[in-house]
């Protein structure tokens, strides 16, 4: 709040005029610096509609420091002229004076003085005219009195070029009475206090308005990781659709369950050292269901269950090799095998968990990622059912172009029948990565900005919007 | 999925019409393929090696088409065009026939027993009176390369050799000899080399060096001779220069040597069926060895009800037979009930079960024409209890002011051992045999290194940093079939100018409150001083729940802080989650 005295003096001035008053004028009449009045105007504006103030700007000429000196003492050339007596002055003496150097050259070009270089005792300066007229000073005096209009633009610009004059823009307020004009103002409170509530003083007080344009203070909170938040949403979708979660907490899997049980041949490129992480310790798995293993071996090497098979020499050594699972379908295979060992009842399963690939890393590929998988096993499922379930799933997710983000299909009989599932049971399944839709949602191009220890925590703090995933039925 | 690159204009010429890019994309989709990219050699070179290298390259438009992994019959222009033309009813699926030469006996390839030690199988065929053009020749070479990279598993399972039959004379002998005893002039070389010399010559060859390992360590190397002792090839490495094919070649002798005879037959069938259309009598390659049944057609019988039920459509038996015929599976309704007889040509080695026939029927019907239905499977959903608990805990830990990190399950040995002041042998870690870098040596046995690395990467963030992670570590466990198990852990760290043990301790108290475990010795939880090299002496405690240890908390040892390139004090907590289920 500006000084109360100034504010009240200003208000009294405004009270007297109906059509308003200029702030600069007020400052002059109150003999105060203009900025003090500006401060008073601003604090009154903050109080409410006491006054109305319109910002105006005007340009006017003002003498520079050098200009003011000349207005007082005369131009440098006139002072040079004035310092030279009739008998002349040595040039060296003149140059000792503060205005000597500039004034000398100007006075010379005005032909007021002359220089006798050959004078005995050194160069000497003499007057060449009786008297002079100091026009520069007179013009500046005119300007100082506020009579700028009496000078031509050209003259003013010349003085400006000599840095004696400058054109300044003055911002002033045109102040008028506001709707709730009053000559007295109450001091405003910034905040409501407990004391005011207790003693009821808040009723009499006026409160300073808040700046609603400013940002609030960020809450001191923890954050969930964006990828895990999207995982939560996918879990939710599956649960809403009646899918039961599979136990996928086994990163290490045998080649048997990861590949052979899925009818993936032992020479398949996915089983190559370049694509899959093999384990050196524990290197091999044991304890396979023996009769099931025999059926798997047979369907690979000889066929059966209506299949030609792959007709190759299936080796248990290959099946025993431990790996980091390359897909969660290894768990689906274990679950379906388990299901086949009891009386069959239809099931819907899902899982979202880590899988591992020993592939070349780039902006969208890491050695590990999360696979989302859905599986439905029932009598007589069709391709139409698969497409229907996918449609429901991706509609809930809010993704229209779902064909491009995942894989889907019906599990082969060569996989299901050796497990012992009834012949008329079909199993439809689909899978996609969790990272890909999350990157699309959050507009992240490099997977390293989303997963792993190199992520910027600011990203974790900021990428938290829910909308795309929440507000769809 | 292999990608096949074909020149657009050649493709359109062969298809007998032009398509817009959108139309062709649509056609691919209908046929179960994907038009992956429209590009040119120039564009590819400029993208991979920069504009300057691309200046002289061809700007003929190429279509890159993704083909299903087991559809070897679509890996070249010839097969792709044949498949599409039949699909569009513009061509009847060709019948491939084996014919004997007009004069004389069929060629013979004699396989000696020595090959058993290195590469025991071989099959061969002759394409007679073929007419090559530059484009056909290029496609012929490229199909070999595509097959080598895919079904042949980089020549390890099968290797293809092609020869100008008129430069050699049968019968041919496939045998195996000691490398020093094999001597010939290999393709595109000016002098003769022994096999031993060749192996060292090709050590630096950017292309061939990848195949050397297949036979390198064997006592004998495979080799094929003609009746005059001319070397045709030393599979799977290189052919002889003598019999190389040219644009003028009229009769092509094709041999496939293999460790997997089924795949060798598939590969030979592909080579001859794809290029027999350029023979004077199209689609009639000459067969060489009578032991094997190349060009075998197989007949399957199935019911239209099977197809209708599996696809979810309702079409007549005749209509389904038509659909299959369009997929090069010549089919007819037998008239016995709703039975369909389907003939599987030698080009369709991928069809090994009725379900493959069903899938082709669905492709021909059009996936988009199948009515979407909802399975009426009634189920009650259950969450996996461990994941349910994890989800609940995560929410409340974030509410307690900690931020969730997400780190890799794989890391270096150093991360889980040396850096934490422990020995790798004590960690019970599962070790990976083929990591490409040190980052993938082991599966993590603790979550702590990941969180510390996250802090190290975020040292510019305002302090304090409060992080947590609930995720799985992997430990060796002999009771499991694979010898290892996951263990769900909760880890939290507090990083600030002062250690803040009380903050981490407070988080433990809060967690126990959330888990309904009271602070009490015996029935509840308590902590008690422990020694652990990861922690500062006297600043580590073990967490006990109902008398059993579940984890530790404390102020990290300054050496540990330094090894993770951190500069401030840090307190941490790591405990098992599974005991609380």
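All of the numbers you see were taken from the coordinates with simple rules; none came from a lab. Quick caveat, the model's predicted, so the values are computed rather than measured. All Cβ positions, even for glycine, are placed from backbone atoms using ideal geometry, and neighbour counts span all protein chains on display.
Descriptive notes on the structure:
- Summary value for the stretch A:354-462: 33 percent relative contact order, contacts being C-alpha pairs under 8 angstrom separated by 6+ residues.
- Whole-number D in µm² s⁻¹ for the stretch B:298-369, Kirkwood Cα-pair radius fed into Stokes-Einstein, 37 °C, 0.692 mPa s: 279
- Between 0 and 90°, nearest 10: helix A:290-301 axis offset from chain A longest Cα axis: 80
- Alpha-carbon centroid distance for the pair the stretch B:368-413 / the stretch A:167-216, whole angstrom: 53
- Kirkwood analysis of the Cα pair distances in the stretch B:47-141 returns a hydrodynamic radius of 18.5 Å.
- Taking the C-alpha atoms only, the angle from helix B:261-275 to the longest principal axis of chain B is near 60 degrees.
- The calculated pair-distance distribution of the stretch A:65-162 uses every alpha carbon pair, bins of 5 angstrom beginning at 0, and gives 3, 13, 23, 22, 15, 11, 8, 4, 1, 1, 0 percent.
- Distance between modelled label sites at residue A:210 and residue A:83, nm, 7 Å Cα→Cβ extension: 6.8
- Exercise: per-residue mean of other protein chain Cβ atoms within 10 Å, B:469-476: 3
- For the pair the stretch B:4-45 and the stretch A:239-280, the centres of their Cα atoms are 35 angstrom apart.
- Highest mean first, the peptides B:470-482, B:415-427 sorted by other C-beta atoms within 10 Å per residue fall in the order B:470-482, B:415-427.
- Modelled label reach - residue B:69, point 7 Å along Cα→Cβ, the stretch A:249-271 residues with backbone N closer than 16 Å: A:255-271
- Sequence ranges A:69-78, B:180-189, ranked by mean other-Cβ count within 10 angstrom, highest first: A:69-78, B:180-189
- Averaged over the residues of peptide B:261-272, the number of Cβ atoms from other protein chains lying within 10 Å of each residue's Cβ is 1.
- Scattering curve values for the stretch B:445-486, log₁₀ I(q)/I(0), Debye with Cα scatterers, q = 0.18, 0.20, 0.30, 0.35 Å⁻¹: -0.61, -0.68, -1.02, -1.16
- Dmax and Rg, reported as Rg then Dmax, of chain A (C-alpha, Å): 46.3, 136
- For the protein assembly as shown: Kirkwood Rh in Å [reciprocal of mean 1/r, alpha carbons]: 37.3
- Remark: relative contact order (chain A) = 14 percent; criterion is Cα-Cα distance under 8 angstrom and separation of 6 or more residues.
- Fraction of C-alpha pairs exceeding 14 angstrom in the stretch B:3-88: 65 percent, rounded to a whole number.
- Once you divide the Cα radius of gyration of chain B by 2.2 N^0.38 Å, the number left is 1.34.
- Across peptide A:280-289, the average count of Cβ atoms from other chains found within 10 Å of a residue's Cβ is 5.
- Computed E for residue B:20/residue B:48 - FRET, C-beta separation, R0 22 angstrom, nearest 0.05: 0.20
- Relative contact order of chain B: 11 percent, from C-alpha pairs under 8 Å at least 6 residues apart in sequence.
- Nitroxide proxy distance, nm - points 7 Å out along Cα→Cβ at residue B:431 and residue B:520: 4.7
- One Cα centroid belongs to the stretch B:454-486, the other to the stretch B:543-581; the line between them spans 11 Å.
- Of the peptides B:493-502, B:518-527, the order by per-residue mean of other Cβ atoms within 10 Å, starting with the highest, comes out as B:493-502, B:518-527.
- The calculated 222 nm mean residue ellipticity attributable to helices in the protein assembly as shown amounts to -9000 deg cm²/dmol, summing -39500 (n - 2.57) over DSSP H runs of n ≥ 4 and dividing by all residues.
- With the largest listed first and rounded to whole Å, the semi-axes of the equivalent ellipsoid of the stretch B:109-278 from the Cα gyration tensor are 23, 17, 16.
- Between residue A:33 and residue A:272, the contour length at 0.36 nm per residue exceeds the Cα-Cα span by 77.5 nm.
- Length added when fully stretched, residue A:302-residue A:283, from 0.36 nm per residue minus Cα-Cα: 4.1 nm
- The angle between the Cα long axis of helix B:385-399 and the longest principal axis of the Cα atoms of chain B comes to about 60 degrees, rounded to the nearest 10.
- Counting only the Cα atoms, the stretch A:185-244 fills a convex hull of 215 Å³ per residue.
- Per-selection metrics, the stretch A:226-463 (Cα): Rg and Dmax in Å: 18.5, 57
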